[in-house]
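The values are calculated or read from the model by the stated rules, or taken from the named source; none is laboratory data. Quick caveat, the model's predicted, so the values are computed rather than measured. Cβ placement follows ideal geometry from the backbone for every residue including glycine, while neighbour counts extend to all protein chains displayed. Accessible surface is based on the protein model in full, side chains and every heavy atom, while ligands, DNA and RNA are left aside. Shrake-Rupley method; radii C 1.70, N 1.55, O 1.52, S 1.80 Å.
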Amino acid sequence: LAKGTNYGTATVFTDADNLWNTTTNQDDAANDAHFGAEKTYDHYFNTYGFNSIDNAGLTIKSYVHYSTNYINAFWNGSVMTYGDGNGSSYNPLTSLEIVGHEITHGVTEHSAALIYSGESGALNESFADILGTCVEFYAKPLTANWNIGEDVMLPSGTVMRSMSNPNSRQQPDTYNSPNGFWQNPNCGTPTPANDKCGVHTNSGVQNYWFYL
């Protein structure tokens, strides 16, 4: 997307020798996004017999270099999109478990249609973390771990979320946890400001259950 947001003007990556080893302009993010999509497809198909995002062979399209200093990645209902981060605390958000996470949002949309707020939204986010981590263990079993985002956050070793210890990232590890990390899923009107009533925070409960 060349730091734009118009999908209609995006260009296709090509490579003359099929080695795909360029790092110019952070273009290795495209390699990572495609590798992640490949391994996510393989995991779903080979492990569960599930054919792509919609179980009907939907083509997985990935767009990188979205906007400027964009610290996020998302499934928009049709395609995958990845920001480059800001270069100071985030690199491009195309690590294996993040790609698996975002594609799983598409799978959830097609298979469960969980409302993206409150408790159902926390389950949505947790399933994305769980399957993203499953993809990492599937593709790189010798180096896989229970952290989310450790390959994209700076300084090295920082993590977005920990499935083995959600409390370390201010997430609850039990339902209605008394330690203060639990967010009220009935918080009123779900908005981005309140994290849709705790969807990313309360996902720690099911994440920890899966880790156990």
Could you tell me how many of the residues in the stretch 89-98 are of a type outside the set (S, T, Y) and buried (at least 24 other Cβ atoms within 10 Å of the Cβ)? 4
Looking at the structure I just gave you, is N86 out of contact with any Pro (no Cβ under 8 Å at 6 or more places or on another chain) and surrounded by fewer than 16 Cβ atoms within 10 Å (Cβ to Cβ)? yes
Looking at S203 and the list (1) hydroxyl-bearing (S, T, Y); (2) open to solvent by 40 Å² or more (accessible area, probe 1.4 Å); (3) touching a helix residue (DSSP H, G or I) at 6+ places or on another chain (Cβ under 7 Å), which single condition is not satisfied? (2)
Return yes when D151 is open to solvent by 50 Å² or more (accessible area, probe 1.4 Å) and either touching a residue at least 60 places away in the same chain (Cβ under 8 Å) or of a type outside the set (V, I, T) (or both) and no when it is not. yes
Is it true that Y66 is more than 20 Å from C134 (Cβ to Cβ) and buried (at least 22 other Cβ atoms within 10 Å of the Cβ)? yes
Residue, most open to solvent (accessible area, probe 1.4 Å), within the stretch 99-117, restricted to residues that are in contact with a helix residue (DSSP H, G or I) (Cβ under 9 Å, 6 or more places away or on another chain) and outside any helix (DSSP H, G or I): I115
Within the set of pairs 6+ apart or on separate chains, which have a first residue in the stretch 118-137 that is at pLDDT 95 or above and surrounded by fewer than 22 Cβ atoms within 10 Å (Cβ to Cβ), a second that is in a helix (DSSP H, G or I) and among the basic types (K, R), and C-beta atoms under 6 Å apart? none
Residue hits (the stretch 188-212; polar (S, T, N, Q) and in a helix (DSSP H, G or I)) are N194, S203, Q206, N207
Within the stretch 155-187, tally of residues that are under 23 Å from N91 (Cβ atoms), touching a residue at least 12 places away in the same chain (Cβ under 8 Å) and assigned to a helix (DSSP H, G or I): 1
Does at least one position in the stretch 137-150 carry a residue that is part of a helix (DSSP H, G or I) and more than 18 Å from G36 (Cα to Cα)? no
Residue list for the stretch 1-38, restricted to those being open to solvent by 50 Å² or more (accessible area, probe 1.4 Å) and under 17 Å from the mean Cα position of the chain (by Cα): D32, H34, F35, E38
